[in-house]
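Below: one structure, written as structure tokens.
Just so you know, all these numbers are worked out from the coordinates, no wet-lab data involved. What you see is a predicted model, and the numbers here were worked out from it, not measured in a lab. Positions of Cβ are generated from backbone atoms using ideal geometry, with glycine treated the same way; all protein chains shown enter the neighbour counts.
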Amino acid sequence: MPNLWEQYLNLIKRFIPVKLHGSCVGLDIGAADCKFVQVQKGADGFSLLDWGIQPTNQDTLEATIKKIRDRLKTPFTSVHTSVSGRGTLIRYISMPRMSLEDLRNSFAIEVDKYFPFTQDQVYTDCCILDPQGKGKDMSVIAAAAKKELVDQRVQLLSKLGITTDFIGINPVALVNGFHVLGTGLPKEEGAVVALLDIGETVSNLTILMDQLPRFTRDIFVGGRDCTKVISNVFGISIDEADKLKRQPGDKAEQVMSAYESMFLSMIQELKLSFDYFTTEKNLEIKQLFLTGGGSTLGGIVSMLEKAFDLKVDLWDPVKFLKVSTGMPEGELSTQSIRLGVAVGLALYSYD
């Protein structure tokens, strides 16, 4: 499994990272803030050495990342980051069975057959999801990211003296964390589950079977849309609406009613994806896991359970990490569900 998983995660990268003996930093550069974790593997599992969420609303992105760099005290050996949203694509393809080397050689020539980009516009990679299969055809995952997105990220970090040996795609990083850390529930062979990361400007849906991805889709609805709706309904500024969204107090019912219509739009998009997957694969989705900042909004879990008649749980990656002694846990307990991509990036170099 580690070799297969490493191949899967090897989607958009500049160099092959070495196995780490020190700690690794996962840096999730988002639209509204930057999230980072510093993780180290020990004999008893993974430890969270440091973490933080640095807003970008009053800073340039460069200044925000510089603050993160300056606050890291424990020496680290690697920084992993990612790109997401428009300009990134993931495809699941059925192809005649061949070796991974032959697949990559063939795929490099036929990029425009699978993506709406020319070969000189994107970085791509692919891998076989069922390498031990005996059939004539095989399941392949392929990914692409526009070169300008990746190159800009490398240049930004290099300018700050930060060397990164891996740049991935957000859904890949998130699923890595989900795979490595698990769900805390008993494993069921052949189980099909969905993982929905509700972000600030885009939400990502991944459907997995046996913890391997089989379907991925970006839905361009997120927390920022909630803020705008609340701002309009209550006639308040965006900043005030954002605060009310996070801490509604005695206005919780009115706030939830304000953004309910927006989530009905997301539910419709999810239904289309679920129907497509179940029809195409003839597989039933058993459970939905939510993560990301938007997953903690009031009423979201019950709204989704009612819409899909599925069990819906929150997936908090930090729940499965050992938190270092002396680290304040109060704020972490309220923010940790936002750290999934960063945790998945930090765990990349570990089997």
Can you spot the aspartates and glutamates whose alpha carbon is less than 20 Å from residue 311's alpha carbon? Ignore those fewer than 8 places along the same chain.
188, 189, 197, 210, 260, 269, 275, 284
Sorted by average packing, counted as other Cβ atoms within 10 angstrom per residue and highest first, what order do 331-342, 91-102 take?
331-342, 91-102
Can you give the charge dipole size of the chain about its Cα centre, rounded to the nearest 20 debye, using +1 on the beta carbon of Lys and Arg and -1 on the beta carbon of Asp and Glu?
520
Tell me, in nm to one decimal, what length is gained between residue 112 and residue 147 on full extension, where the rule is 0.36 nm per residue of separation less the Cα-Cα distance?
11.1 nm
Determine which aspartates and glutamates satisfy two conditions relative to residue 67: a Cα distance under 19 Å, and not lying fewer than 8 residues away in the same chain.
28, 33, 50, 59, 331
Return a whole-number percent for the relative contact order of the chain, with Cα pairs under 8 Å and 6 or more residues apart as the contact set.
23
Remind me, relative contact order of the stretch 234-339 in percent, using alpha carbon pairs under 8 angstrom and six or more residues apart?
23
In nm, what is the difference between 0.36 nm times the number of residues separating residue 251 and residue 61 and their Cα-Cα distance?
65.1 nm
Whole-Å distance, taken between Cα centres, linking the stretch 66-82 and the stretch 175-210
27
Which order do the peptides 34-41, 168-175, 248-255 come out in when sorted by mean C-beta neighbours inside 10 angstrom, highest first?
168-175, 34-41, 248-255
Over the stretch 95-173, what is the mean sequence separation of C-alpha contacts under 8 Å (at least six apart), divided by residue count, expressed as relative contact order in percent?
26
Calculated from DSSP H runs of 4 or more alone, at -39500 (n - 2.57) each and per residue, what is the 222 nm mean residue ellipticity of the chain, nearest 500?
-11500 deg cm²/dmol
Inter-probe distance in nm under a simple model that places probes 7 Å from Cα toward Cβ, at residue 132 and residue 238:
5.1
With Cα extents along the principal axes in Å in mind, check [x] 62, 52, 41; [y] 60, 48, 42; [z] 66, 55, 37 and report the label derived from this structure.
[y]
Running a GNM on the chain with Cα contacts under 10 Å, which residue among 121, 132, 54 ends up with the highest mean-square fluctuation?
132
Antiparallel bridge percentage (DSSP; both residues within the stretch 185-314; nearest 5)
60
Wrap a convex hull around the Cα atoms of the stretch 185-314, take a quarter of its surface area, and give that in square nanometres.
7.8
Using Cα centres only, tell me the gap between the stretch 242-261 and the stretch 266-290 in whole Å.
28
Distance violations [Cα-Cα > 27 Å] among 136/286; 66/245; 228/306; 134/187; 66/147; 73/322:
136/286; 66/245
